[in-house]
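Student: Dumping the structure here so I can ask a few things about it.
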Amino acid sequence: MADRNRSRPRLGLRLCLCLGFRAPDQVEEAMEAPPRPLRLRCSVQNYDWGRFGEESTVARLFEGNSGSEIELGRPYAEFWMGTHESGPSFVVASPEAAAAVAVAEAECLAPGLVTLKKWIGENPGALGVKVVQKWGKNLPFLFKVLSVAKALSIQAHPDKELARMLHKMRPSVYKDPNHKPEMAIALTEFRALCGFVNIEELKDVLVGVPEITELIGNEEASKIISSKDLDGYLDAKAVLRSIFTKLMSASKEAVLQLVPKLKDRLDVESKIRTLTEKEQLVLLLEKQYQADVGVIAAFLFNYVKLSPGEALYIGSNEPHAYISGDCIECMAASDNVVRAGLTAKYIDVQTLCSMLTYKQGFPEILRGVPVHSYVSRYTPPFDEFEVDRCLLPPKESVVFSAIPGPSIFVIVAGEGTMRISSPAEERKVSQGDVFFVPAQNEIRLIAGADAPIHLYRAGVNNRVFG
């Protein structure tokens with residue numbers, strides 16, 4: 001674990017800005033050298049929807065990060081980097097120390113290492129002045145890698161007000177009072193359901209999928225099918241809300257009858273015509289979640305297909321379900337999920353149906369804005385985070401300039417050298433290495449001679465700093 005260095009940094013614009021109208025203790029802190037970047041030992045989640053063994057990016061990263069061998073028959077679903085208590089990161093001094101944590105965990109021993117959350121609490125200056133002013137001694141984002149083999153639940157994440165209420169009512173289910181806007185950047189071909197289809201597509205669904213009409217009733221379906229135009233946004237929203245709520249609230253008996261009926265109909269029709277992509281997806285979901293209302297509900301959502309490097313952001317109270325593929329994910333520091341289908345976990349249909357915005361239309365796809373020859377930035381409309389994607393060719397280098405907030409770096413592939421300035425330090429890096437970089441640290445990354453480096457950086461959205 002790095003200690004604070006009490007020597008003065010180089011004078012410049014950064015110091016001048018820090019010497020504004022601030023309390024004496026803040027001025028003293030501004031004149032200290034920033035804490036050094038910290039190597040992290042991160043947590044893995046073995047949810048049953050994860051990809052197995054070496055096929056999982058999560059498994060390969062966890063192996064490189066911890067020194068633990070990959071268990072071929074075990075799913076590796078999520079690799080967590082941050083301070084959330086459901087999957088904490090630990091501060092370690094070396095790869096050997098990371099391996100020691102893995103051994104201690106396997107033997108159910110207390111490794112005695114400091115969590116990143118505790119370290120930040122003792123060194124809040126690592127977050128930077130503006131981050132502390134806005135979020136206190138808390139890292140505002142959670143960084144993850146996901147490897148998805150089986151569809152995740154139909155879900156949404158509450159806004160701050162609802163999150164506080166749910167946490168107070170059911171703290172064992174909703175484990176924190178924070179909202180959870182998020183963004184996914186595809187590492188491989190990545191599939192997801194996100195947001196509701198537009199009105200015209202919804203009409204086609206209600207005509208072409210009679211099983212939905214059987215569940216919600218002819219009266220509800222006819223409100224959409226027979227209308228030439230709905231009277232404004234509020235009417236469209238109200239009708240969609242009514243349809244979706246009735247569908248998701250259908251009795252188990254009705255769902256048990258109609259999901260197999262839907263499957264049989266599509267199997268027959270596939271012999272005389274080519275099924276649509278959405279219909280093929282529904283058959284896949286039926287194999288994974290037999291007799292689940294989420295199989296039918298999938299027709300109401302946009303089917304999003306991301307290529308590597310493309311991204312999707314999801315605001316509070318928006319429905320979505322990841323289907324397959326590997327991705328980088330960043331979000332506000334929360335683990336709150338309201339589920340209502342495609343899952344064996346706790347579902348809360350009433351809360352989900354009441355909280356959604358019922359916006360319609362295809363979501364925005366981000367492709368990153370170049371900030372350097374080898375770096376693209378993904379900036380969602382949320383203060384808590386942004387993500388940089390770096391593809392660095394062999395022997396090339398790139399500089400990540402010092403910024404007034406914290407970052408987390410993860411090496412997804414390749415190996416090379418990380419150089420830290422003021423004072424100079426050099427570290428070898430390779431797949432699975434994760435670093436917490438406190439505010440005001442400049443990082444130079446140099447790729448090795450044999451292969452490119454694939455790196456991601458998560459940090460606070462630069463708009464917070466003005």
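The values are calculated or read from the model by the stated rules, or taken from the named source; none is laboratory data. Computed from a prediction, not measured in an experiment: that's the story for all the values here. Methodologically, a virtual Cβ is constructed for each residue, glycine included, from the backbone with ideal geometry; neighbour enumeration extends over all protein chains shown. Only protein heavy atoms, including side chains, enter the accessible area calculation; ligands, DNA and RNA are left aside. Shrake-Rupley method; radii C 1.70, N 1.55, O 1.52, S 1.80 Å.
Student: Mind checking the per residue accessible area of the chain for me, 1.4 Å probe, whole number of Å²? Don't jump to the answer; show the numbers that get you there.
Tutor: Numbers: 20510 Å² over 466 residues.
Averaged over the residues of the chain, the accessible area is 44 Å².
Student: Moving to a separate point now. Which residues' amide hydrogens lie under 5 Å from the amide hydrogen of I403, considering only partners 5 or more residues apart or on another chain, with H built in the peptide plane?
Tutor: HN-HN under 5 Å from I403: Q440, N441.
Student: Under a Cβ-Cβ cut-off of 15 Å, what is the net charge of the residues other than F52 that fall near it, where Lys and Arg count +1 and Asp and Glu count -1?
Tutor: Cβ neighbours under 15 Å give a net charge of -4.
Student: Now for a different question. When a/c is below 1.5 the answer is rounded, else prolate if a/b is larger than b/c, else oblate, so apply that to region 248-309 with a ≥ b ≥ c taken from the square roots of the Cα gyration tensor eigenvalues.
Tutor: oblate
Student: Once each part is reduced to its C-alpha centroid, what is the distance from region 200-219 to region 112-165 in angstrom?
Tutor: First find each Cα centre; the distance between them is then 40 Å.
Student: Run through the DSSP bridge list for region 338-460 and note the antiparallel percent, rounded to the nearest 5.
Tutor: 100 percent
Student: Work through the residues other than G405 whose Cβ is under 12 Å from its Cβ and net out their charges, Lys, Arg +1 and Asp, Glu -1.
Tutor: With Lys, Arg at +1 and Asp, Glu at -1, the net is +1.
Student: Could you work out what % of the accessible surface of the chain is carbon and sulfur, using a 1.4 angstrom probe and leaving DNA, RNA and ligands out of the count?
Tutor: In the chain, the share of accessible area belonging to carbon and sulfur is 52 percent.
Student: Which one, [x] 31.9, 125; [y] 23.3, 87; [z] 24.1, 78, gives Rg and Dmax of the Cα atoms in Å as derived from the coordinates shown?
Tutor: So the calculated entry is the one marked [z].
Student: Okay, helix-only estimate at 222 nm for the chain: each DSSP H run of n ≥ 4 adds -39500 (n - 2.57), divide by all residues, round to 500 deg cm²/dmol; what do you get?
Tutor: Details: 15 runs with 143 residues, N = 466.
Computed ellipticity for the chain at 222 nm equals -9000 deg cm²/dmol.
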